Amino acid sequence: MLVQVPGGWNPLLGRLAIDQIPYTNPILAPLFVAVVIGAVIILGLITYYHKWGYLWKEWLTTVDHKKLGVMYIILGLVMLFRGFIDGLMIRTQQVWANGPQSSGVFGAVHGYLTPFHFGQVYSAHGLIMILLAATPLLVGFMNIIVPLQVGARDMAYPYLNALGLWITAAAVALIMISLFVGDFAHNGWFGYAPIFELQYSPGVGVDYWIWTLELTALGTTLGGINLIATIVKMRAPGMTWFRLPIFTWASLSANIIALTSFPALQVALFLVACDRYLGSHFFTAGFGGNLMLYTNLFWIWGHPEVYFVILPAFGMMSEIFPAFSEKPLFGYITMVAASFAIAGVSWLVWLHHFFTMGAGPDVNSFFSVATMLVGIPTGVKVFNWAFTMYRGRITYTAAMLWAIGALFLLLVGGLTGMMLAIPAINYMVHNSVFVIAHFHSMLLVIVYAIFGSVLFWFPKVFGFKLDEFWAKTMFWLFSAGSVLVFVPMYMLGFMGQTRRLDYVFNTAWHPYLVTEEIGIAVYCLSVAAFFVLLYVSIRDRVKNRVGQDAWGTSRSLEWLTHSPVPFYNFAVTPHVNARDELAWRRHNGINEAQPTQYVDIHMPNNTGVAIYIGALTFVLGFALTWRVWWLCLLSLVAIIVLMIVRSWRGDPGYIITAAELEKMEREAMQRQQQVEGHLPHHGGQAVPGGAMAYEGQKVSPLGTPPSSGGDHH
Amino acid sequence: MSAHDSPDPSKAVLWDTHYHGHDVISTRSFGYFLYLLSDGMLFATLFAAYGVLSYSHSYFNGQTPADFVHPWYTFTQTVALFLSVLAYGMGMSAVKKGNKAGLMNGLIAAFVLGVIFLGLDIHDMMDLAAHGVTVQTSGGASAFIVLTQVHAAHIFFGLLWILVMMAQVAAKGFTTDTVGRLLSLRMFWHLQAIIWVFVFVFVYLWGYMS
């Protein structure tokens, strides 16, 4: 039933062989040595400082949504860096391999990358930037902020949250190991039929691509379920739907998209895997396969995915603008409606990625009009932000600069998007770098919103602000880089440069390509500024410490607890009385009122099962890629056994007693006093009891409400 | 704006000391329901692929469903699966009375009927392979086999889950954990039966008549 693979295969190692390790490659071999040296240094430092126990107990086995979110963001930043290096390589190859006179090194006729290697670089760049950088960064922020904004102690399913992170990490590990063992796909990040069929791509690159995508899709689906359930089920008392902070609304709309669209990706990739492993004929050029079926299935997921990443970014901007304009968000209801309108329309636009399929004027018109409809809710959002700033008391913090920058980029990206929505124009610029410049403008909106959010919420998570000077330096360098790279790219698109060229024939384009390369160099400076920013901020952390409400003008519930947020989030669940609860409390002079009484709280235990399952999914992906069947079976069985063992043991959780809680709160209050120079009102007596019933407890027969209390929503 | 529907700040409740939060079973069932939505989307995508690959040219020169499906044979599978769901439902009604033996009987019956369904499916697939219909035959045959076998894989994992639940209920009785999982499994088992209705109608009946 399995297909014969070209080349060697043995039952023990599958397709793995020593010649699959590219030790002769002049780029990868030194990189491998550098990675090994770096890893040895990091592992050595952890061992030297005896941090393994700390790392294991506090981070690797944690189910705390804030720590998981931080790890998601670190993962995303590392992959953002890797994706940036890929981008740097692409730009350098194009400026080098320009015209027949251009030189070539490392086995390439022109430039320094062979066409096959170049194909892998741009495929990895796209996949990494969208699925392994933007997605983890946004999921990380949703993880940290959403439970705080709804006034919950944790996500609805803390263990599932950890599982989602470690499966995403497995996907990252899989794409990283493809650098040094075997090769990666050269079919672009979204793939084309039939080039990814075994016949035309006999190597393991496409298999790495399939299983990386499958793992990240699985992780994101689990995360989506968790976030939706958290928003629907875990809201604090008084938090009615129309008091929900706008970032939480945006997260809800985004995760509904994720939940419903990722299965389409999983099926599309699964069918590719069937073709490659079982010899089926879904997307083959003969035997009744259908090439465009793949493209349709992929973009049925692919376009909703675009909005899955942009909607949380819009949510972030909607939090930053009011905080630094000292005004409530303009048009809250329309903002919510716009988010859901975008989420809904996202399902009706996928064909605009391939108008040139030739589906005919009726089909193309439908998708063209549907695509233009997206401009309406997006326009509503842009005007809402503008009106939020209008007559506001604007503070140009670095976070605000990023948000305003995102607004300008959205204008550029959005208007070029409207141009591309017209099939007549689209036919002219299809697959040109004009399209590349368009969607990079849009994805940069996300990057801007993310860096704005890093600055905005960093003090909440770590208790001190990032350095404003270096943050602004980074912003201006990054913006200069964006202009220098993407303005010439728009021009080149109009001049007819197609995407993904490993060799650019037209020497008249050289000045533009050089400008883009200069832009990349400026980007490199902004990356350096980011590292300086981290260094300076950590060095000056004592000076930059903040209290609960780090900016003094923030509006929602996450600013009502200490900075850094204690692991139990809120000592006592806040009761929500207004939209923008903190702003309402501040307005009425009760923003520093503290609870008068503490009760025991129930928290979930840490678990190592999530990271074990994550590691096993990596093994499974690797074994599938290399067709090591016994290892596939072994890791799959091990995953199932671990799940059964975990479900057998359950998690009774543990109790923080009211006395412990009061002690921790008192210490937090004293730290706050040192920062702000005064002590919040505080009083009250600890009372024991009140822990909520959880696991291992016998329940009454169905039909009567469980003793732990009904659903208060 | 925000202040309109807000209470008087001097009297407002700011903290909810005795807020008990959510009920564990309802939260978990909701999350599981969300997962099932994504599972439904998975099948929807597979049906879309099947629809696209069900033209006569999709079968290349090989046999079409009209040649190789046997609706009456598959009808016995349908009956087995529906009875399995019925047995599971009766087992769950025993949970309401706190009747462990009743639940166990229901689960055992559901399991046996599920095994019959899966056995018939495997036999059918082997029969098809013997007649030269495999995933490698044509695009149409690939879609037919992958759609039905993804459903069968769901049934397989459902059966595994039924076994685990029997062991858990036997060892622990009706706890928040076990009752919550029985409810989730019930939703899962029902959904697989519902999807089977679509498989039977659109793949077997329609295929037979095409």
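The values are calculated or read from the model by the stated rules, or taken from the named source; none is laboratory data. What you see is a predicted model; the values in this text were computed from it and never measured. When we count neighbours, we look across all protein chains shown, and the Cβ atoms used for this are built from the backbone with ideal geometry, even at glycine.
For this structure, a couple of remarks:
- Options A:G315, A:G302, A:G279, A:G238: the member that is in contact with a helix residue (DSSP H, G or I) (Cβ under 7 Å, 6 or more places away or on another chain) and either facing chain B (nearest Cβ under 9 Å) or at pLDDT 95 or above (or both): A:G315
- Filtering segment B:43-51 for residues that are surrounded by 19 or more Cβ atoms within 10 Å (Cβ to Cβ) and free of Cβ contacts under 8 Å to residues at least 24 places away in the same chain leaves a non-empty set.
- Each residue in segment A:584-596 was checked for being out of contact with any Phe, Trp or Tyr (no Cβ under 7 Å at 6 or more places or on another chain), crowded, with 18+ Cβ neighbours inside 10 Å and at the interface with another protein chain (Cβ under 7 Å from one of its Cβ atoms), and 1 pass.
- Residue match in segment A:172-179 (condition: surrounded by fewer than 22 Cβ atoms within 10 Å (Cβ to Cβ), modelled with pLDDT under 95 and of a type outside the set (A, V, I, L, M, F, W, C)): no
- Check on A:F308, crowded, with 24+ Cβ neighbours inside 10 Å, out of contact with any Lys or Arg (no Cβ under 8 Å at 6 or more places or on another chain) and more than 22 Å from A:S368 (Cα to Cα): no
- Applying a threshold of 7 Å to beta carbon distances and a minimum spacing of six or more residues, or different chains, the list of pairs starting in segment A:326-338 at a residue that is closer than 12 Å to A:I376 by Cα and ending at one that is of a type in the set (D, E, K, R) and modelled with pLDDT of 95 or more reads A:M335/A:K381; A:A338/A:K381.
- A:A254 modelled with pLDDT of 95 or more and either surrounded by fewer than 24 Cβ atoms within 10 Å (Cβ to Cβ) or in a helix (DSSP H, G or I) (or both): yes
- Per the conditions (1) touching a residue at least 60 places away in the same chain (Cβ under 8 Å); (2) within 10 Å of another protein chain (Cβ to nearest Cβ), the sole criterion not satisfied by B:T74 is (2).
- Matching residues in segment A:642-662 - criterion: being loosely packed, with under 14 Cβ neighbours inside 10 Å, more than 11 Å from chain B (Cβ to nearest Cβ) and either more than 26 Å from A:N569 (Cα to Cα) or not aliphatic (A, V, I, L, M) (or both): A:Y654
- Residue list for segment B:71-107, filter: part of a loop (DSSP other than H, G, I, E, B) and either modelled with pLDDT of 95 or more or among the hydroxyl-bearing types (S, T, Y) (or both): none
- No other residue among A:L415, A:L410, A:L492 is surrounded by 22 or more Cβ atoms within 10 Å (Cβ to Cβ) and farther than 17 Å from A:M316 by Cα apart from A:L492.
- Residue within segment A:578-591 that is over 30 Å from A:I333 (Cα atoms) and either touching a residue at least 24 places away in the same chain (Cβ under 8 Å) or of a type in the set (S, T, Y) (or both) present: no
- Restricting segment A:241-265 to residues that are of a type in the set (S, T, Y) and more than 9 Å from chain B (Cβ to nearest Cβ), the residue that is farthest from A:E319 (Cα to Cα) is A:S253.
- Residue match in segment B:113-124 (condition: more than 22 Å from A:F283 (Cβ to Cβ), without any contact (Cβ under 8 Å) to a residue 12 or more places away in the chain, away from every other protein chain (no Cβ under 11 Å) and among the charged types (D, E, K, R)): no
- Qualifying residue in segment A:152-164 (condition: away from chain B (no Cβ under 12 Å) and farther than 24 Å from A:M234 by Cα): no
- Taken over segment B:171-182, residues that are assigned to a helix (DSSP H, G or I), crowded, with 19+ Cβ neighbours inside 10 Å and either within 8 Å of chain A (Cβ to nearest Cβ) or without any contact (Cβ under 8 Å) to a residue 12 or more places away in the chain (or both) amount to 4.
Quick grid of which residues meet (1) in contact (Cβ under 8 Å) with a residue 12 or more places away in the chain; (2) within 25 Å of B:Q63 (Cα to Cα):
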site: B:A130; (1), (2): no, yes
site: B:V150; (1), (2): yes, yes
site: B:G158; (1), (2): yes, no
site: B:V169; (1), (2): yes, no
site: B:F200; (1), (2): yes, yes
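- Taken together, A:L148, A:L137 contain a single residue that is part of a helix (DSSP H, G or I) and over 17 Å from the mean Cα position of the chain (by Cα), which is A:L148.
- Test: residue in segment B:21-38 that is over 30 Å from A:G650 (Cβ atoms), of a type outside the set (A, V, I, L, M) and facing chain A (nearest Cβ under 7 Å): no
- For segment B:49-70, taking the residues that are more than 7 Å from every other protein chain (Cβ to nearest Cβ) and farther than 24 Å from B:H123 by Cα, the one that is modelled with the lowest pLDDT is identified as B:N61.
- Positions within segment A:277-320 being over 17 Å from A:F141 (Cα atoms), touching a Gly at 6+ places or on another chain (Cβ under 8 Å) and not polar (S, T, N, Q), in sequence order: A:H281, A:F282, A:F283, A:F287, A:G288, A:G289, A:Y294, A:F298
- Residue within segment A:545-561 that is at negative phi, out of contact with any helix residue (DSSP H, G or I) (no Cβ under 8 Å at 6 or more places or on another chain), charged (D, E, K, R) and away from every other protein chain (no Cβ under 14 Å) present: no
- Test: residue in segment B:153-166 that is part of a helix (DSSP H, G or I), facing chain A (nearest Cβ under 9 Å), at pLDDT 95 or above and within 14 Å of the chain's Cα centre (by Cα): yes
- Residue match in segment A:608-619 (condition: under 30 Å from B:W15 (Cα atoms) and not in a helix (DSSP H, G or I)): no
- Subset tally (residues that are more than 21 Å from A:V345 (Cα to Cα), in contact (Cβ under 8 Å) with a residue 12 or more places away in the chain and more than 7 Å from every other protein chain (Cβ to nearest Cβ)) for segment A:285-299: 4
- Screening segment B:135-152 for residues that are assigned to a helix (DSSP H, G or I) and at the interface with chain A (Cβ under 9 Å from one of its Cβ atoms) and picking the one that is surrounded by the fewest Cβ atoms within 10 Å (Cβ to Cβ) gives B:V150.
- Any chance B:V115 is at pLDDT below 95 and assigned to a helix (DSSP H, G or I): no
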